[in-house]
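Derivation of every value follows stated rules applied to the coordinates shown; laboratory data play no part. Owing to the predicted nature of the structure, the values given are computational and were not obtained by experimental measurement. For neighbour counting, all protein chains shown are included, and Cβ atoms are generated from backbone atoms with ideal geometry for every residue, glycine included.
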Amino acid sequence: MTKPTVAFFKFSSCAGCQLSVLNLEPVLLDIVGAIDIRYFVMAKRENFEGPYDIGFVEGAVTSPRELLELKKIREECSILVAQGSCACHGGLPSIKNYCGMTQKEMEEKVYSELWDLKSIPAQGIDYYVKVDAYLRGCPMNLGEFVTLVKSALKGINPLFRYHSICNECKLKENNCLLLQGIPCMGPVTAAGCGAECPSLGRGCEGCRGPASDCNAASLARTFADMGLSKDDVVRKFRKYAGNTPEFSKGAEAL
Ligand code: SF4
Ligand code: SF4
Ligand code: SF4
């Protein structure tokens, strides 16, 4: 059987999602044996031009150059996957969209020499091109990555479910942090990580983006009732998925 050709690309991001792929030790050799990795600059010396069967894209689009590259990648890949919250929703780079500065002011604040720098607001890749599947989270969840690769090999849709983190948290019988006065984004955030942070006693920060039918405005008001300032509430909702209409409702509720 011919192995599917696969490529990994990176835009504005920390490279943590690509690194996660390399950290898949228990199954890495099985995966590498089942697919033909044609392009993965972080991991391979020899890389090849497309077309590819599956393209994984990490990172937000933050410059005209990245946008041009993304459009070319879309043309070259039969299946395009957004890998991690930066590619799915804009992620941490999208904080800059809401910091109250112009693009130029931000560029000058961050870089001492601007050379030919041109930046645009940070967006997830589906703002510009059609995306076939999403691996949410910061970093992406490795179990979902393996499920997606297995599904692609079988030619089926992985069908991830996006009920709230609270469902996973309750199944683990955790004591609810919100009831203990700790702000937690679990009620509005999409499940899939196994309620990782609340299980360790830390409030969810919303890295997987909005759950289905979430009521972010209501959670924002709950945070305010708990004593969070308006600015802190905005930071909660603009941290990982502030570009989404759902989390924007939370950021704009007060
Ligand atoms: S989603 Fe998180 S881990 Fe992945 S590239 Fe973006 S910042 Fe890094
Ligand atoms: S701790 Fe957070 S995720 Fe868990 S049940 Fe409470 S609000 Fe939901
Ligand atoms: S609990 Fe929330 S912040 Fe933590 S990994 Fe899951 S979605 Fe991300």
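Roughly speaking, what is the stretch gain from residue 161 to residue 176, that is 0.36 nm per residue apart minus the C-alpha to C-alpha distance, in nm to one decimal?
3.2 nm
What are the residues whose amide H is under 5 Å from the amide H of residue 138, where those residues sit 5 or more places off or on another chain and H is modelled from the backbone?
Here the answer is 85, since their amide H atoms fall under 5 Å of that of residue 138.
What area, in nm² and to one decimal, does the C-alpha convex hull of the chain cast on average over all directions?
Details: hull surface 60.0 nm².
Averaging across all directions leaves 15.0 nm² for the Cα convex hull.
Given a 10 angstrom Cα cut-off, can you work out which residue in 189, 102, 244 is the most mobile in a GNM of the chain?
102
Step through the residues of the range 161-167 one at a time and calculate ³J(HN,Hα) from phi using the Karplus curve (6.51 cos²θ - 1.76 cosθ + 1.60, θ = phi - 60°), rounding each to whole Hz and writing x for Gly and Pro.
Taking θ as phi minus 60°, the curve returns 10, 10, 5, 7, 4, 3, 4 Hz for the range 161-167.
Could you put 176, 214, 14, 184 in order, starting from the residue whose Cβ has the fewest other Cβ atoms within 10 Å?
176, 14, 214, 184
Assuming R0 = 41 Å, what is the FRET efficiency of residue 232 and residue 127, from their Cβ-Cβ distance, to the nearest 0.05?
Plugging the Cβ-Cβ distance into 1/(1 + (r/R0)^6) gives 0.95.
Using only the alpha-carbon atoms of the range 165-251 as identical scatterers, what base-10 log of I(q)/I(0) does the Debye formula give at q = 0.11, 0.12, 0.13 Å⁻¹?
-0.25, -0.29, -0.35
Taking amide H positions as placed 1.01 Å from N in the peptide plane, with prolines and chain starts having none, which residues 5 or more places from residue 12, or on another chain, fall under 5 Å of its amide H?
For residue 12, whose amide H was placed from the backbone, the distant partners under 5 Å are 60, 62.
What fraction of the DSSP beta bridges in the range 5-154 is antiparallel, stated in percent and rounded to the nearest 5? Write down the numbers at each step before the final one.
Numbers: 2 of 20 bridges.
Of all bridge pairs located within the range 5-154, approximately 10 percent are antiparallel.
Once you put a point 7 Å from the Cα of residue 111 and another 7 Å from the Cα of residue 147, both along the Cβ direction, what distance in nm separates them?
With each label point 7 Å from Cα toward Cβ, the separation is 3.9 nm.
Restricting to bridges with both residues inside the chain, how much of the DSSP beta-bridge set is antiparallel, in percent to the nearest 5?
20 percent
Give a residue-ordered list of calculated ³J(HN,Hα) values for the range 141-158 (Karplus: 6.51 cos²θ - 1.76 cosθ + 1.60, θ = phi - 60°; whole Hz; x for Gly, Pro).
Running phi through 6.51 cos²θ - 1.76 cosθ + 1.60 with θ = phi - 60° gives 7, 5, x, 5, 4, 5, 4, 5, 5, 4, 5, 4, 5, 8, x, 10, 7, x Hz.
Could you calculate the FRET efficiency of residue 202 with residue 2 from 1/(1 + (r/R0)^6), where r is the beta carbon distance between them and R0 is 30 Å, rounded to 0.05?
E(calc), rounded to 0.05, equals 0.10.
Can you list the HN-Hα couplings for the range 213-220, worked out from phi with the Karplus curve (6.51, -1.76, 1.60; θ = phi - 60°), rounded to whole Hz and with x for Gly and Pro?
Those phi angles translate into 6, 7, 10, 5, 5, 5, 5, 4 Hz.
Students often check this: by mean Cβ neighbours within 10 Å, which of 153-160, 50-57 ranks highest, and how do the rest follow?
50-57, 153-160
I'm a student and want to see the number: the projected area of the Cα convex hull of the range 5-154, averaged over all directions, in nm².
Taking a quarter of the hull surface, the average projection is 9.2 nm².
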